[in-house]
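Asker: Here it is, the structure, as structure tokens.
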Amino acid sequence: MLRVSFASAAAPGRANEDYVLAGHSWVVLLDGATPAPGVDAGCDHGVPWLVRTLAAALVPGLEGGAPLPEALEAAITATMAAHGGSCDLAAPGSPSATVALARRRGDLLDYLVLCDSPVALWRRDGRVTVVRDDRLDQLPGGRPYSLELVNAMRNRPGGFWVAGACPRAAREALSGAVPVRELRGAALFTDGVTRLAEWYGRAWESLVAGAAEPERLLAEVREQELARGVPRGKLHDDATAAWVSFPPG
Ligand SMILES: [Zn+2]
């Protein structure tokens, strides 16, 4: 058995570009990348379309037992086809998304992380292992990044990888499996929530412990943003937290 609970809140006044989809044995969380103003997206479908299309395209692989990187690679390929022939998938602002995945497979929990939506594994002994893909934090020269740099390093060796128009990105994801008996549960977050740890000093252990009530975490994010501001970027971002646990039976 797998129990999943989640909450997702758009940045106030905007469409939510985060997305969550769950089945009986899995959950996927995606965070669509908002194109910078004036950058050619090459596509009228938009980011909300991209995240829900990609999530739906994961279902056959997840249900069929494919290894998670294979399931993601097939989903990216299917999503590229779903654009139809009229979109320019090589455009610099072509829609893309992060991916955080967890799937129970018998006695194991499979996980996968691509870009900055981590999976945190809460072990029975209280330790938390954060599976975090920090390649977007490691671009040459450090932040702030120019638009040209981000465009040049997206889905390139030595740069960072996202799910959008490059199937190979799936093979660059971090993935693995952990015995369910070792876990209290697992939490999946978009970066709209991990700012609680990364910017506002909340311990990962406490963040993960709070994920079982995801709507409370989201409320805390908004309180902190208003009280303390942000070191960079938008004051509010879409924020999503999902909690996976294993009830007996
Ligand atoms: Zn398109």
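The values are calculated or read from the model by the stated rules, or taken from the named source; none is laboratory data. Computed from a predicted structure; not experimentally measured. Neighbour counts are summed over all protein chains in view; Cβ atoms, including those assigned to glycine, are modelled from backbone coordinates with ideal geometry. Heavy atoms of the whole protein, side chains included, go into the accessibility calculation; ligands, DNA and RNA do not. Shrake-Rupley method; radii C 1.70, N 1.55, O 1.52, S 1.80 Å.
Asker: Of all the stretches in the chain, which is the longest one without any exposed loop site, taking trypsin sites (Lys or Arg not before Pro) in a DSSP loop (any state but H, G, I, E, B) with at most 11 other Cβ atoms within 10 Å? Walk me through the intermediate numbers first.
Answerer: Values: sites that count: ARG124, ARG127, ARG232.
So the longest stretch without any such site is 1-123.
Asker: For the chain, list log₁₀ I(q)/I(0) at each q in 0.10, 0.12, 0.13, 0.16 Å⁻¹, using the Debye formula over Cα point scatterers of equal strength and ignoring solvent, two decimals each.
Answerer: -0.45, -0.66, -0.78, -1.20
Asker: Per the 1.4 Å probe, what fraction of the accessible area of the chain, in percent, lies on carbon and sulfur atoms?
Answerer: Working: 5710 of 10830 Å².
After summing per-atom areas, the C and S share lands at 53 percent.
Asker: Need one value: the accessible area of TRP122 in square angstrom, 1.4 angstrom probe, rounded to the nearest 10.
Answerer: Taking all protein chains as shown, TRP122 has close to 50 Å².
Asker: Let me ask something else. Along the charge dipole of the range 129-249, Cβ charges K/R +1 and D/E -1, which of TYR145, VAL208, THR129 sits furthest on the positive end?
Answerer: TYR145
Asker: Work out how much length HIS45 to ARG124 would gain on full extension: take 0.36 nm times their residue separation and subtract the Cα-Cα distance, in nm to one decimal. Mind dumping the intermediate values first?
Answerer: Values: separation 79, 0.36 × 79 = 28.44 nm, distance 4.33 nm.
Using 0.36 nm per residue and subtracting the Cα-Cα distance, I get 24.1 nm.
Asker: Right, next: Relative contact order (percent) for the range 30-156, with alpha-carbon contacts under 8 angstrom and 6 or more residues of separation? Intermediate results must be reported in sequence, preceding the final value.
Answerer: Working: 175 pairs, mean separation 29.8, N = 127.
The normalised contact order for the range 30-156 reaches 23 percent.
Asker: Let me ask another. Rounded to the nearest 20 debye, what is the charge dipole size of the range 1-128 about its Cα centre when +1 sits on each Lys and Arg Cβ and -1 on each Asp and Glu Cβ?
Answerer: Working: 9 positive and 13 negative charges, 125 e Å.
Value, rounded to 20: 600 debye.
Asker: Okay, next question. May I ask you to give the solvent-accessible area per residue for the range 100-198, in square angstrom, as obtained with a 1.4 angstrom probe? Intermediate results must be reported in sequence, preceding the final value.
Answerer: Working: 4070 Å² over 99 residues.
Counting only protein heavy atoms, the per-residue value for the range 100-198 is 41 Å².
Asker: To continue, here is another question. Arranged from highest to lowest average of other beta-carbon atoms within 10 Å per residue, in what order do the peptides 54-61, 29-36 appear?
Answerer: Values: 54-61: 20.0, 29-36: 22.6.
Top to bottom by mean Cβ count within 10 Å: 29-36, 54-61.
Asker: Have a look at LEU72, LEU183, LEU101 and tell me which one the Gaussian network model of the chain (Cα, springs below 10 Å) gives the largest fluctuation.
Answerer: LEU183
Asker: Calculate for the chain the 222 nm mean residue ellipticity that helices alone would give, adding -39,500 (n - 2.57) per DSSP H run of length 4 or more and normalising by residue count, nearest 500 deg cm²/dmol.
Answerer: Values: 6 runs with 70 residues, N = 249.
Here the helix-only value at 222 nm equals -8500 deg cm²/dmol.
Asker: Return the equivalent ellipsoid semi-axes of the range 1-95 as a descending list in whole Å, where each equals the square root of 5 times an eigenvalue of the C-alpha gyration tensor. Working shown, then result.
Answerer: On the way: eigenvalues 125, 70, 14 Å².
Here the semi-axes work out to 25, 19, 8 Å.
Asker: To the nearest 20 debye, what is the magnitude of the charge dipole of the chain about its Cα centre, counting +1 on the Cβ of each Lys and Arg and -1 on the Cβ of each Asp and Glu?
Answerer: On the way: 25 positive and 29 negative charges, 104 e Å.
For this selection, approximately 500 debye.
Asker: Averaged across orientations, what area in nm² does the convex hull of the alpha carbons in the range 107-249 project? Present the calculation step by step, with values, prior to reporting the outcome.
Answerer: Working: hull surface 39.0 nm².
Computing the convex hull of the Cα atoms and averaging its projections yields 9.7 nm².
Asker: Okay, next question. Residues in the range 160-192, backbone N under 17 Å from the label point at THR34 (7 Å along the Cα-to-beta-carbon vector): list them, ranges by number please.
Answerer: Inside the label zone: 190-192.
Asker: Going from the alpha-carbon gyration tensor of the range 39-106, what semi-axes, largest first and in whole Å, does one get by taking the root of 5 times each eigenvalue?
Answerer: Values: eigenvalues 127, 25, 17 Å².
Working from the Cα gyration tensor, I get semi-axes of 25, 11, 9 Å.
Asker: Starting from the residue with the highest accessible area, list THR77, THR98 in decreasing order, probe 1.4 Å.
Answerer: Values: THR77 70, THR98 10 Å².
Ranked list, largest accessible area first: THR77, THR98.
Asker: Can you tell me, using C-alpha contacts under 8 Å and at least 6 residues apart, the relative contact order of the chain as a whole percent?
Answerer: Numbers: 534 pairs, mean separation 64.3, N = 249.
RCO, the chain: 26 percent.
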